[in-house]
Structures are given as C-alpha cells and as structure tokens.
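Participant: Let me give you the structure first, and then I'll get to my questions.
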C-alpha cells in the first residue's frame with residue numbers, strides 16, 4: 001500500500017470514475033501505471049474489497065466497465081476469466097479491477113461496482 005500511496009502523489013494524473021450500484025460517482029485523479037484495485041483501496045472506494053490484495057484470486061474487485069471503454073482494455077486472461085466465472089451477475093463488460101492498469105489511453109475510464117459488492 002505504501003507504493004500505491006507514493007504513486008498516487010505523483011504527476012501525470014488521469015481521471016477514473018467509480019460508480020456504485022446506487023449511481024453515486026467518485027471521480028479520482030490518479031497517476032498512470034496503477035491497477036484499479038490500488039486506486040480503489042488507496043481512495044477507500046466502496047464496493048472494492050480486494051480480499052486477495054489484487055492477486056486475481058478472489059473476484060471481490062469485480063467491476064462493470066462502461067461500454068465505450070471495453071474495447072480499449074487488454075483481452076481477458078484465462079485466469080481472470082476463470083475468476084469471473086465465480087461472480088454473481090457476470091456480464092460481457094465484467095472485469096476484475098486488479099487486472100486493469102491505469103494509463104493515458106484509459107484517461108476518463110468509467111467503471112461500476114455491482115450491487116453484490118455494495119455496503120452491508
């Protein structure tokens with residue numbers, strides 16, 4: 001987490017928007033090169049637990065990528081696809097936030113957290 005904090009304070013910021021299941025948006029300004037899980041954990045984004053710490057082994061960082069952004073992401077790896085098989089409500093735009101790295105090409109990215117990962 002210390003490395004994420006150092007990177008969050010760096011220059012070359014880009015915007016990422018997290019939208020929770022109720023529609024509440026959080027627009028964050030972050031540096032490129034971080035995973036969305038690192039961003040979410042650093043900023044205490046509701047609905048992103050990342051119980052495995054971002055190791056692609058728990059699927060508690062499931063997000064829905066807004067349709068205009070899906071094609072800009074790298075393809076699903078076999079491991080990510082297998083983990084997504086475990087989530088309730090998987091959709092064609094489902095991804096794991098631990099597998100998405102922020103970059104200049106993703107400046108403005110919008111992701112939604114599923115209701116199943118909302119606050120209790």
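Any read-out appearing in this document is the output of simple, stated calculations on the displayed coordinates, not a laboratory observation. Model, not experiment: these values are computed from the prediction. Positions of Cβ are backbone-derived with ideal geometry, glycine not excepted, and every protein chain shown enters the neighbour counts.
Participant: If residue 38 meets every condition in (1) touching a helix residue (DSSP H, G or I) at 6+ places or on another chain (Cβ under 8 Å); (2) farther than 19 Å from residue 108 by Cβ apart from one, which number is that one?
Facilitator: The one condition residue 38 does not meet is (2).
Participant: Could you grab the pairs with beta carbons closer than 7 Å, sequence gap of 6+ or different chains, first residue in the stretch 58-77 and in contact (Cβ under 8 Å) with a residue 12 or more places away in the chain and at positive phi, second one surrounded by 13 or more Cβ atoms within 10 Å (Cβ to Cβ) and in a strand (DSSP E or B)?
Facilitator: What qualifies is 59/96.
Participant: Another one. Could you list, in sequence order, the residues of the stretch 90-120 that are out of contact with any helix residue (DSSP H, G or I) (no Cβ under 6 Å at 6 or more places or on another chain), surrounded by 22 or more Cβ atoms within 10 Å (Cβ to Cβ) and within 16 Å of residue 31 (Cβ to Cβ)?
Facilitator: 102
Participant: Within the stretch 25-47, which residues are assigned to a loop (DSSP other than H, G, I, E, B) and under 19 Å from residue 69 (Cα atoms)?
Facilitator: 32, 33, 34
Participant: Mind listing whichever residues of the stretch 68-97 are assigned to a helix (DSSP H, G or I) and under 18 Å from residue 20 (Cβ atoms)?
Facilitator: 69, 97
Participant: Test residue 54 against the stated conditions and say whether it is touching a helix residue (DSSP H, G or I) at 6+ places or on another chain (Cβ under 7 Å) and either part of a loop (DSSP other than H, G, I, E, B) or farther than 17 Å from residue 116 by Cβ (or both).
Facilitator: In short, yes.
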